[in-house]
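Notes follow the structure.
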Amino acid sequence: MKLSAAALRKRKFHCPIAVLTAYTTPVAQRLERAGVPVLLVGDTVGMVEMGFSSTREVTLEHMEYHIGGVRRGAPGTHIIGDLPFDSDRDPDRALRSARRLLAAGADSVKLEGPKLDVIRHLVAEGVDVVGHTGLTPQTAASFRQVGVTPDDAGRIRADAEAIAAAGAFMIVLEHVPDAVGRAVTQAVPVPTIGIGAGADCDGQVLVINDVLRLGDRWPPFSRQYADMGEAITQAGMAFRTAVETRRF
């Protein structure tokens, strides 16, 4: 049964929440069969699937396309759609953008940073919102860990508390020290979903390409659970050999 935003919020401190990114119908189908309760159609699609150098090149049209594919593959799973760079610049623009992602098949939307007026406006209009603090790739100058100094750790905690107070039902916490992940999780009343934020968060999210080892490099906090990249290489070689030796 598809979990609502309210049901996910109630899982804080009770049942850890597994989240994976998905961008295509066949992957979404398999992840739904695996029982993964939440799929994030992230703007990471731009870097891991489309070859862009950053997530800032991803458009609303890209997100609508991939959300539609994931929804068709996983009709019974809660889908979060990322609001791409600059699509949430102000409350009205964010609402128009969010409605497009919801119409494409998302159940909720995620936005980066303490855009409190935007979050409040979306929630007031009936849109379920996931916040995102710590490392925020759309605006980050680098992908180094953040929250290392006491001042920065305090900023992240304050941002998370403000995001929750503005109405977000869940918060992604990215690439911070374990102690910061633990402190934020204890401080906010909504589930935290960590990605490189330690084991004490209320859930964890990974990029599916990292999980499947598709690509050439992975973040230091990622984990690989299969090597589909090598499987593709071997399958391609076997096919090429069969054709070249006329055994196809």
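Find the centroid of the Cα atoms in the range 45-69 and in the range 125-141, then give the distance between the two in whole Å.
Between the Cα centre of the range 45-69 and that of the range 125-141, the gap is 16 Å.
Modelling each spin label as a point 7 Å along the Cα-to-Cβ direction, I'd like the R99/D117 distance in nm, to one decimal.
It is 2.0 nm.
I'd like to compare 55-62, 175-182, 146-153: which one has the highest average count of other Cβ atoms within 10 Å, and what's the full order after that?
Peptide ranking by packing, descending: 175-182, 55-62, 146-153.
Using the Cα centre of the range 43-194 as the reference point, and only Cβ charges (+1 on K/R, -1 on D/E), how large is the resulting charge dipole? Debye, rounded to the nearest 20.
160 debye
Taking 0.36 nm per residue of separation and subtracting the Cα-Cα distance, what length does fully extending T139 through A34 add?
Additional length available on full extension: 34.5 nm.
Describe numerically, in nm with one decimal, the distance between label points set 7 Å from Cα along Cα→Cβ at Q234 and at S53.
Result: 3.6 nm between the two label points.
Express the carbon and sulfur contribution to the solvent-accessible surface of the range 200-246 as a percent, rounded to the nearest whole number, probe 1.4 angstrom. Mind showing how you got there, number by number?
Numbers: 1760 of 3180 Å².
Of the solvent-accessible surface of the range 200-246, carbon and sulfur hold 55 percent.
Run lengths n ≥ 4 of DSSP H only: what is the helix-derived mean residue ellipticity at 222 nm for the chain, with -39500 (n - 2.57) per run over all residues, to the nearest 500?
-12500 deg cm²/dmol
To the nearest 20 debye, what is the magnitude of the charge dipole of the range 32-106 about its Cα centre, counting +1 on the Cβ of each Lys and Arg and -1 on the Cβ of each Asp and Glu?
260 debye
Name the residue farthest towards the positive end of the dipole of the chain from the options T21, S87, H175, assuming +1 on Cβ of Lys and Arg, -1 on Cβ of Asp and Glu, about the Cα centre.
T21
Which of the lysines could a cross-linker bridge to K12, judged by Cα under 22 Å and excluding same-chain residues fewer than eight apart?
K2, K110
Below 13 angstrom from the Cβ of T149, what's the summed charge of the other residues (Lys, Arg +1; Asp, Glu -1)?
+1
For the chain, what is the accessible area per residue in Å², given a 1.4 Å probe and the full set of protein chains?
About 49 Å² of surface per residue is accessible.
Taking the Kirkwood radius as the inverse of the mean 1/r across Cα pairs, report the Rg/Rh of the range 137-248.
Using only Cα positions, Rg/Rh for the range 137-248 is 1.22.
If you roll a 1.4 angstrom probe over the protein chains with everything in place, what fraction of the accessible area of the range 1-97 belongs to carbon and sulfur, to the nearest %?
56 percent
Mind giving me the nanometre distance, one decimal, between the label points for K10 and D152, set 7 Å out from Cα along Cα→Cβ?
In this crude spin-label approximation the distance works out to 3.9 nm.
The values are calculated or read from the model by the stated rules, or taken from the named source; none is laboratory data. Just so you know, these numbers come straight off a predicted model, no measurement behind them. As a convention, Cβ positions derive from the backbone with ideal geometry for all residues, glycine included, and neighbour counts pool all protein chains shown. The area values use the complete protein model at the heavy-atom level, side chains included, leaving out ligands, DNA and RNA. Shrake-Rupley method; radii C 1.70, N 1.55, O 1.52, S 1.80 Å.
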